[in-house]
1. What number of residues within region 171-180 are surrounded by 19 or more Cβ atoms within 10 Å (Cβ to Cβ) and either outside the structural domain of residue 214 (by TED's automatic domain parsing) or closer than 11 Å to residue 255 by Cα (or both)?
2. Filter region 184-213 for residues that are touching a residue at least 40 places away in the same chain (Cβ under 8 Å) and either over 17 Å from residue 253 (Cα atoms) or in the same structural domain as residue 78 (by TED's automatic domain parsing) (or both) and give the result.
3. I'd like to check something: does region 18-25 contain any residue that is at pLDDT 90 or above, within 19 Å of the chain's Cα centre (by Cα) and within 30 Å of residue 247 (Cα to Cα)?
4. Would you check which residues across region 96-140 are in contact (Cβ under 8 Å) with a residue 60 or more places away in the chain and in contact with a helix residue (DSSP H, G or I) (Cβ under 6 Å, 6 or more places away or on another chain) and list them?
5. Do any strands (runs of 3 or more DSSP E) entirely within region 179-289 hold 1 or more residues that are at pLDDT 95 or above and closer than 27 Å to residue 160 by Cα, and if so, which?
6. What is the one condition in (1) under 22 Å from the mean Cα position of the chain (by Cα); (2) crowded, with 20+ Cβ neighbours inside 10 Å; (3) part of a strand (DSSP E or B) that residue 168 does not satisfy?
7. Quick one: residue 195 ticks every box in (1) in contact with a strand residue (DSSP E or B) (Cβ under 6 Å, 6 or more places away or on another chain); (2) surrounded by 17 or more Cβ atoms within 10 Å (Cβ to Cβ); (3) over 23 Å from residue 60 (Cβ atoms) except a single one, so which number is it?
8. I'm checking my understanding of the structure. Among residues of region 105-136 that are modelled with pLDDT under 90 and either within 23 Å of residue 90 (Cβ to Cβ) or out of contact with any strand residue (DSSP E or B) (no Cβ under 9 Å at 6 or more places or on another chain) (or both), which one is surrounded by the fewest Cβ atoms within 10 Å (Cβ to Cβ)?
């Protein structure tokens with residue numbers, strides 16, 4: 001079960017605002033305008049590379065592999081993303097809709113993808129089936145040029161998972177003391193801007209909560225108290241931030257590296273649309289809906 005807490009006091013809101021870029025329609029990494037059609041590229045993964053689960057021991061740079069796509073409602077493929085979308089790991093798990101721009105051969109619906117890995121190029125990197133899904137029936141071999149790169153419209157869309165938000169304890173954690181966690185099945189159009197932990201059996205004073213620091217996709221505490229541990233986090237969806245707190249202890253007293261624990265939380269927040277008119281192209285392309 002999840003409880004949406006009141007927004008933190010002004011000083012903390014000022015701290016949270018440091019996670020948020022100013023609203024504009026310029027860089028692709030700015031998700032204030034994600035409901036507008038934006039332009040990027042999609043590249044076809046070379047056949048010798050196999051599939052996108054083949055890197056980093058099958059887990060990809062995001063650390064949870066390709067199986068996460070099966071937990072999304074509505075049918076998604078996995079994608080590797082360039083630096084502007086990967087955002088040093090903050091973009092892991094974000095969902096996008098991609099549509100190639102050649103209307104003669106490209107379908108209206110495009111393909112929905114979830115970011116599970118980093119690419120050493122700009123835009124998105126797709127395996128063959130996802131790449132072909134952008135084309136009309138029978139035209140998959142016509143959408144790519146000789147370099148297997150196509151221009152695409154994209155928008156960030158809300159992720160809808162079949163499961164609650166899960167926290168996985170990462171290798172190298174030591175109970176108590178060293179704690180590193182990774183979040184799985186983060187829904188909505190959201191980023192996690194802050195995470196805090198507290199002993200579940202302590203009086204829940206403001207001073208009892210200990211902040212964690214993010215390094216890429218992993219949140220770490222170097223002086224984690226003995227469990228069981230409660231958890232709360234700030235999620236952002238364009239403007240401001242909202243605290244979410246699990247009602248019960250999330251990590252048991254005997255938490256161990258490699259184990260995943262259900263937070264009981266569902267993240268469903270959707271980004272506000274603020275740039276719909278200014279993000280339209282001069283050619284009058286319709287907005288992806």
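The values are calculated or read from the model by the stated rules, or taken from the named source; none is laboratory data. This is a predicted model, so every value here is computed, not measured. Virtual Cβ from ideal backbone geometry, glycine too; neighbours counted across all protein chains shown.
1. Narrowing region 171-180 to residues surrounded by 19 or more Cβ atoms within 10 Å (Cβ to Cβ): 173, 179-180.
If we keep only those that are either outside the structural domain of residue 214 (by TED's automatic domain parsing) or closer than 11 Å to residue 255 by Cα (or both) too, we end up with 173, 179.
Qualifying residue count for the region: 2.
2. 184, 185, 186, 187, 188, 189, 190, 191, 192, 193, 194
3. Going through region 18-25, the residues at pLDDT 90 or above turn out to be none.
Looking for residues that are at pLDDT 90 or above, within 19 Å of the chain's Cα centre (by Cα) and within 30 Å of residue 247 (Cα to Cα), one finds none in region 18-25, hence no.
4. 117, 127
5. Details: elements: 191-199, 213-215, 218-224, 229-236, 242-246, 260-262.
Ranges flagged: 191-199, 213-215, 218-224, 229-236, 260-262.
6. That leaves (2) as the condition not met.
7. Only one criterion is unmet by residue 195, namely (3).
8. 120
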